[in-house]
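There's a structure below that I have some questions on.
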Amino acid sequence: MIKAINHLSRRRLNIQNNPVSESLLNATVQCVCSPFFVNIFKQVTELIELNDAQELLLNTCTDYIVCYEGNRRHEIFSIIRTILLKPFTQWLQQHASSFRQWNRITKSSFDKLGGIIFDFGLHNEKIIGKDTYDDCCKIIDCYILILSTLSNNINAIDESTIDLLGICMFHLYALTLEQSLLDYIKNQQLSSILLRLIDIDNEEAQFNAYRILASIMTEQDIKMLANPGKISKVFITFLTDVIDNTRKIRRLRNLLRCLKCLVQHDQIKEELTKQGILPHLLRCATETKFDPVHEQQPTLEILLALTFHDQAAILLKENSQFISHLHTLINSSSEQGLRRAAEGLLWKLEKEEIATAKLVTIPITKDVRNYKYDIMLSYSHRDKDLCHRIYDRLVKDNFRIWIDRDQMHGSTMVAMADAIENAEFVFVCMSDAYKQSAYCQSEAQYAYERQCHLIPIVMKQNYRPDGRLGIMVSGKIYVDFPKLGFDQAYLKLKNEIDRYRLNMNLSISTQEQQRCESPTTAKEPERTIETITDQSDEQPTITNHERGAIR
């Protein structure tokens, strides 16, 4: 009966969300969370054939839960994770080293249970507890052990192990969707292992390897790729495959998530543009069949990141239909995230160049404290806890701060530009999340091109900026909060502010003294402060090489 209902309700949310289905769903979850299920799973490596009870628990019930996509999916999977994560971890630690002896039943049970436990969801921002984190890290270590063993002897991979390879990669990709686990995976030197496995003749294994790589690769990893165009080609191929397939909506959403990670890298921007991804993305961004929040918005954010590549920006600027669509979204969409993405694109495509090209000169003797704000905080919403703590301390010390505390409504890009233009300092709160955010990149680049005084703040342990962001903050003193601890880092931050202000006052005093001592009546020295009211393309402190590197 369960199999029949599962077949009938698969991909039919109206049936899965029907109250009549609740009792069966609850009973199935209770079965999977029962001590009887745990005992059977612990003995799975010894099973050659399944009896009726084992078949019901290990296959029928888990299949039903895996296929459930209704409103309670996240709740159900969290319940099962709470009960089964610990025994799953213990079992895997015991049997990982003997993975070559796993039979069909073992691999199938391992696949299904892991698929449930590690489904954190694409848009889940809830922080996992320490016990869950510790167990997941142990599991990640086991997966890496299996993948490393296989990668060291590619020729020994056969049909019996290639399925397991695909399962491990799928589970690892699912684990990257939880931010703290992604940070852990990034520190495990996994890229070199995956790069040895991507040529295996198995489409699913290849796809999941590339999805993990998209999430963990650094600029240096990208530069070391023998064929950087291949990863772009893989994602374009899969995007072409799923874009019109209504049965693969979850895969499309996962693809868009991976592309958002990948497109932060300049070399990938170039390859994606060169290989013709824009028409596919424009379809996802504009066609009404795509969900506004889960498909259109991430696509617009990918396109926003691509505007940092000159050729992509030109192609988008020339697409009058797309520009018109963006204006329509801003004026009529009820989705705040969609409007924000559209506004960001219009800022990059229509307004930013005009804003940064217009300059006004003011006397160098202008009081350096004559700003609307002392500090503009540029940060990723994922790092809000630490950023808000810094903000609260700064306010307590009487600094005037501009911060987008709640991803504010209204014309965010215009407000951001105004804040940067009227702030003495711009704090660049750096992390992987910051670099991956096209909005944050827009803020950092605008502040950089305006020659604002940037103070880079490290928000995550061991983070070091690379690529475009690395160029923007090169030569500056980082304030590393995770390394120094909050109080010591905050003191260093204030010292940086004081040091800059002291140097500025000394510079102004020196130049005023030189002017007074001069026998000529020469015009008062001027320094260039970029605003939106005059003109000049020159930025004396930036070389042509540096300018080319960040555009």
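The values are calculated or read from the model by the stated rules, or taken from the named source; none is laboratory data. Being a predicted model, the structure only gives us computed values, none of them experimental. Heads up, the Cβs are rebuilt from the backbone with ideal geometry, glycines too, and the neighbour counts pull from every protein chain shown.
So which of 216, 198, 243 ends up being in contact with a helix residue (DSSP H, G or I) (Cβ under 8 Å, 6 or more places away or on another chain), in contact (Cβ under 8 Å) with a residue 12 or more places away in the chain and over 25 Å from residue 114 (Cα atoms)? Write out each step before concluding.
Details: 216 fails: over 25 Å from residue 114 (Cα atoms); 198 fails: over 25 Å from residue 114 (Cα atoms).
Result of the check over 216, 198, 243: 243.
Out of 212, 154, 167, 200, I need the residue that is among the aliphatic types (A, V, I, L, M), surrounded by 17 or more Cβ atoms within 10 Å (Cβ to Cβ) and over 26 Å from residue 128 (Cα atoms). Which one?
Result: 200 is the single residue among 212, 154, 167, 200 that is among the aliphatic types (A, V, I, L, M), surrounded by 17 or more Cβ atoms within 10 Å (Cβ to Cβ) and over 26 Å from residue 128 (Cα atoms).
Still on this model: Can you confirm whether residue 463 is surrounded by fewer than 21 Cβ atoms within 10 Å (Cβ to Cβ) and of a type outside the set (D, E, K, R)? I'd like the intermediate steps shown before the answer.
Values: surrounded by fewer than 21 Cβ atoms within 10 Å (Cβ to Cβ): yes; of a type outside the set (D, E, K, R): yes.
Judged against the criteria, residue 463 is a match.
Something else about it: May I ask you to say which residue of 264, 275 is under 19 Å from residue 439 (Cα atoms), of a type in the set (S, T, N, Q) and either modelled with pLDDT of 90 or more or in contact with a Lys or Arg (Cβ under 8 Å, 6 or more places away or on another chain) (or both)? If you could, list the steps in order and put the result at the bottom.
Working: 275 fails: under 19 Å from residue 439 (Cα atoms).
Every option except 264 fails the conditions.
List the pairs whose first member sits in segment 345-356 and is touching a residue at least 40 places away in the same chain (Cβ under 8 Å), whose second member is part of a helix (DSSP H, G or I) and among the charged types (D, E, K, R), and whose Cβ atoms are under 7 Å apart, counting only residues at least 6 apart or on separate chains?
Qualifying pairs under 7 Å: 349/317; 356/449.
Related question: I'm trying to understand the selection: among the residues of segment 380-437, which are buried (at least 23 other Cβ atoms within 10 Å of the Cβ), closer than 27 Å to residue 257 by Cβ and at pLDDT 95 or above?
If the condition is that a residue be buried (at least 23 other Cβ atoms within 10 Å of the Cβ), closer than 27 Å to residue 257 by Cβ and at pLDDT 95 or above, then 387, 428, 429, 430 are the ones that fit.
Okay, moving on. Counting only residues that are of a type in the set (A, V, I, L, M, F, W, C) and either surrounded by fewer than 14 Cβ atoms within 10 Å (Cβ to Cβ) or modelled with pLDDT of 95 or more (or both), which one in segment 114-144 is farthest from residue 254 (Cα to Cα)?
Result: 142.
Search segment 233-254 for residues being touching a Lys or Arg at 6+ places or on another chain (Cβ under 8 Å) and within 14 Å of residue 208 (Cα to Cα), and hand back the single one that is surrounded by the fewest Cβ atoms within 10 Å (Cβ to Cβ).
Per the stated criteria, the residue is 254.
Still on this structure: Looking at 132, 106, 176, which is the one that is polar (S, T, N, Q), within 26 Å of the chain's Cα centre (by Cα) and within 25 Å of residue 61 (Cβ to Cβ)?
132
Sticking with this one: Would you mind telling me which numbered condition in (1) in contact (Cβ under 8 Å) with a residue 40 or more places away in the chain; (2) in the same structural domain as residue 311 (by TED's automatic domain parsing); (3) closer than 19 Å to residue 195 by Cβ residue 236 fails?
Status for residue 236: all satisfied but (3).
Let me ask something else about it. Hey, residue 55 hits all of (1) closer than 15 Å to residue 107 by Cα; (2) in contact (Cβ under 8 Å) with a residue 12 or more places away in the chain; (3) in a helix (DSSP H, G or I) but one; which does it fall short on?
(2)
Just the residues that are out of contact with any Leu (no Cβ under 9 Å at 6 or more places or on another chain), surrounded by fewer than 21 Cβ atoms within 10 Å (Cβ to Cβ) and outside any helix (DSSP H, G or I), please, taken from segment 170-187.
Selection gives 187 alone.
To keep it simple, each residue is scored yes or no on (1) assigned by TED's automatic domain parsing to the domain that holds residue 498; (2) over 30 Å from residue 182 (Cβ atoms); (3) in contact (Cβ under 8 Å) with a residue 40 or more places away in the chain.
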site: 374; (1), (2), (3): yes, yes, yes
site: 385; (1), (2), (3): yes, no, no
site: 388; (1), (2), (3): yes, no, no
site: 415; (1), (2), (3): yes, yes, no
site: 418; (1), (2), (3): yes, yes, no
site: 424; (1), (2), (3): yes, yes, yes
site: 429; (1), (2), (3): yes, no, yes
site: 433; (1), (2), (3): yes, no, yes
site: 436; (1), (2), (3): yes, no, yes
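Tell me, which residue of segment 491-503 that is in contact with an Asp or Glu (Cβ under 9 Å, 6 or more places away or on another chain) and not basic (Lys, Arg) is modelled with the highest pLDDT?
Per the criteria, the residue is 497.
Residue 162 - would you say it is crowded, with 17+ Cβ neighbours inside 10 Å and in contact (Cβ under 8 Å) with a residue 24 or more places away in the chain?
When the stated conditions are applied, residue 162 does not pass them.
Name the residues in segment 58-105 that are aromatic (Phe, Trp, Tyr) and part of a helix (DSSP H, G or I), would you?
Once the filter is applied, which keeps residues that are aromatic (Phe, Trp, Tyr) and part of a helix (DSSP H, G or I), segment 58-105 yields 64, 77, 88, 91, 99.
Results for (1) in contact with a helix residue (DSSP H, G or I) (Cβ under 8 Å, 6 or more places away or on another chain); (2) among the small types (Gly, Ala, Ser); (3) not in a helix (DSSP H, G or I), shown as yes or no for each residue.
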| position | (1), (2), (3) |
| --- | --- |
| 420 | yes, no, no |
| 433 | yes, yes, no |
| 470 | yes, yes, no |
| 490 | yes, no, no |
| 497 | no, no, no |
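Among (1) closer than 22 Å to residue 437 by Cβ; (2) hydrophobic (A, V, I, L, M, F, W, C); (3) modelled with pLDDT under 90, which single condition is residue 225 missing?
Unmet for residue 225, out of (1) closer than 22 Å to residue 437 by Cβ; (2) hydrophobic (A, V, I, L, M, F, W, C); (3) modelled with pLDDT under 90: (1).
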